[in-house]
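Okay, structure first, notes after.
The values are calculated or read from the model by the stated rules, or taken from the named source; none is laboratory data. Since the model is a prediction, treat every value here as computed from it, not as a measurement. Don't worry about glycine lacking a Cβ; one is built from the backbone with ideal geometry, like all the others, and counts go over all protein chains shown. What goes into the accessible areas is simple: the full protein's heavy atoms, side chains included, and nothing from ligands, DNA or RNA. Shrake-Rupley method; radii C 1.70, N 1.55, O 1.52, S 1.80 Å.
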Amino acid sequence: MINDNLIQIIMLVEIGLLIVAVSLFFLNGVWLYFTERRLLRLSGAARDSVAALVTHGTVNLEELHALSSQPHDVQVMAFLEMSRNLSGAGKDRLRFIAEKVGLLDRARQLCVNSRWTRRLRGARILSRLDVPDPLVTRLLADPHAAVRAQAAEWAAAQPSPEVISAMLVLLADPATQARFAVQNALLRMGGVIAGPLAVFLETHSGRAAEAGLRVAESVAEPSFAPAAQRLSRADDIGIRVAAAKLLGAIGDAAAAERLMEMLGDEESQVRAAAANALGRMQHWQSGSLLSECLRDSAWRVRKEAGLALRAIGAPGALFLRRALKSDDRFAADMAQQVLDLPAAAAG
């Protein structure tokens, strides 16, 4: 009897707990629903206030007061949404209004907060509003990768010598997220990075050099040539591959000569990259060496050599047709595949 009563009590307790849990789940859903509706209503009003303040020639104090009275999260939503559609004078006006309502000061305080999520939030606000602030420069060295990545996004619009130098150091960042964000930001800066990047490549190796070579390929300044030549002889395979791509982008006579030497590299990835680069340069003088690569033991090298010969034009096509009669079935097969490609696919 005691055991039966105990079991009943346990069952009733479990049922009660289940009812409480379901009720809490339901109430949380209701709370989220009404909170979201409230935020949507407030953010709509905040957007209207921001739009009015940005478009009017003078500051409407009533609109400014109404915007200042909105919750901080709502203000952030309104300003960040508006920032996507503005540039130039409009963005300057938006920053001015953000300063007036205290948004920028709060963002700066977030940037020095002990919690990384808040530093990330502060950096995001200053980044979206293109605010040049040394606090974000310091966040390029933040302990958390997500914060460094966000600071790198901010840096793309702030290409000062100090910022570029800090960004180049981050090319060796151990975190993939931050490293890719840095590379993307440097590419967005454009030609202004050429001088500092050339010096950086001359004095660095390893992961930083490989990442720097990738960035340099998109800029392809002649000043990168000495570093590309040096790094094409590095022990690391990835660095040699990246150097081959950069040499192909630079495209001068010295680059072509080095790339032809790299067709004999012991690593197939490097040989393939060299063949691709020569095709990119449309270097017809390398046709004979590329035709020899059609016999390479690695399929990827044969493919890149065949595509490079086709890219060269008539001289390359002649080598491909000769390869059709080769006693090497791999060379003949690749030549046939390349010759059968439509023009768009071959390019």
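Pairs meeting the criteria (first residue in region 275-304 and in contact (Cβ under 8 Å) with a residue 24 or more places away in the chain and among the aromatic types (Phe, Trp, Tyr), second residue part of a loop (DSSP other than H, G, I, E, B) and open to solvent by 10 Å² or more (accessible area, probe 1.4 Å), beta carbons under 8 Å, at least 6 apart or on different chains) are TRP284/GLY313.
Taking the conditions exactly as written (of a type in the set (Phe, Trp, Tyr), open to solvent by less than 20 Å² (accessible area, probe 1.4 Å) and either closer than 22 Å to HIS144 by Cβ or part of a helix (DSSP H, G or I) (or both)), does PHE200 satisfy them or not? Against the criterion (of a type in the set (Phe, Trp, Tyr), open to solvent by less than 20 Å² (accessible area, probe 1.4 Å) and either closer than 22 Å to HIS144 by Cβ or part of a helix (DSSP H, G or I) (or both)), PHE200 qualifies. Each residue in region 75-96 was checked for being of a type in the set (Asp, Glu) and more than 11 Å from VAL50 (Cβ to Cβ), and 1 of them qualify. Evaluation of SER49 against the conditions (1) of a type in the set (Gly, Ala, Ser); (2) in contact (Cβ under 8 Å) with a residue 12 or more places away in the chain; (3) under 18 Å from ARG128 (Cα atoms) shows that the sole unmet condition is (3).
Within region 211-253, track down each residue that is without any contact (Cβ under 8 Å) to a residue 24 or more places away in the chain and under 22 Å from MET167 (Cβ atoms).
Restricting attention to region 211-253, the residues satisfying the condition of being without any contact (Cβ under 8 Å) to a residue 24 or more places away in the chain are 233, 235, 253.
Matches in region 211-253: none.
Cβ-Cβ distances below 8 Å connect the following pairs, each with a first residue in region 312-333 that is farther than 22 Å from MET281 by Cβ and without any contact (Cβ under 8 Å) to a residue 12 or more places away in the chain, a second residue that is buried (at least 16 other Cβ atoms within 10 Å of the Cβ) and not aliphatic (A, V, I, L, M), and a separation of six or more residues or different chains: ALA332/SER326. Restricting attention to region 245-288, the residues that are over 18 Å from ILE312 (Cα atoms), under 30 Å from the mean Cα position of the chain (by Cα) and among the small types (Gly, Ala, Ser) total 1. Checking the stated criteria, SER326 turns out not to satisfy the condition of being closer than 28 Å to ILE237 by Cα and either in a helix (DSSP H, G or I) or modelled with pLDDT under 95 (or both). The criterion of being part of a helix (DSSP H, G or I) and among the small types (Gly, Ala, Ser) holds for ALA178.
A search for C-beta distances below 8 Å between a residue of region 167-187 that is open to solvent by less than 40 Å² (accessible area, probe 1.4 Å) and any residue that is aromatic (Phe, Trp, Tyr) and at pLDDT 90 or above, counting only pairs 6+ apart in sequence or on different chains, returns LEU168/PHE200; LEU171/PHE200.
Being farther than 20 Å from ARG233 by Cβ, of a type in the set (D, E, K, R) and in a helix (DSSP H, G or I): is that true of ARG300 here? Steps first, answer last, please.
On the way: farther than 20 Å from ARG233 by Cβ: yes; of a type in the set (D, E, K, R): yes; in a helix (DSSP H, G or I): yes.
For ARG300, the condition - farther than 20 Å from ARG233 by Cβ, of a type in the set (D, E, K, R) and in a helix (DSSP H, G or I) - is met.
Of all the listed residues (ARG138, ARG124, ARG95, ARG118), the sole one being assigned to a helix (DSSP H, G or I) and open to solvent by less than 80 Å² (accessible area, probe 1.4 Å) is ARG95. Whether a residue is β-branched (Val, Ile, Thr) and open to solvent by 30 Å² or more (accessible area, probe 1.4 Å) was assessed, and VAL112 passes this test.
Restricting attention to region 293-326, the residues that are within 12 Å of GLN337 (Cβ to Cβ) and either of a type in the set (Phe, Trp, Tyr) or open to solvent by 50 Å² or more (accessible area, probe 1.4 Å) (or both) total 4.
Yes/no matrix, rows are residues, columns are (1) surrounded by fewer than 16 Cβ atoms within 10 Å (Cβ to Cβ); (2) modelled with pLDDT of 95 or more; (3) on the phi > 0 side of the Ramachandran plot:
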{"residue": "ALA151", "(1), (2), (3)": "no, yes, no"}
{"residue": "ALA156", "(1), (2), (3)": "no, no, no"}
{"residue": "PRO159", "(1), (2), (3)": "no, no, no"}
{"residue": "GLY190", "(1), (2), (3)": "yes, no, yes"}
{"residue": "GLY206", "(1), (2), (3)": "yes, no, yes"}
{"residue": "ALA243", "(1), (2), (3)": "no, yes, no"}
{"residue": "LEU246", "(1), (2), (3)": "no, yes, no"}
{"residue": "ILE250", "(1), (2), (3)": "no, yes, no"}
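Quick one: is ALA345 assigned to a helix (DSSP H, G or I), open to solvent by less than 80 Å² (accessible area, probe 1.4 Å) and at pLDDT below 95? Spell out how you get there, then give the answer.
On the way: assigned to a helix (DSSP H, G or I): yes; open to solvent by less than 80 Å² (accessible area, probe 1.4 Å): yes; at pLDDT below 95: yes.
Judged against the criteria, ALA345 is a match.
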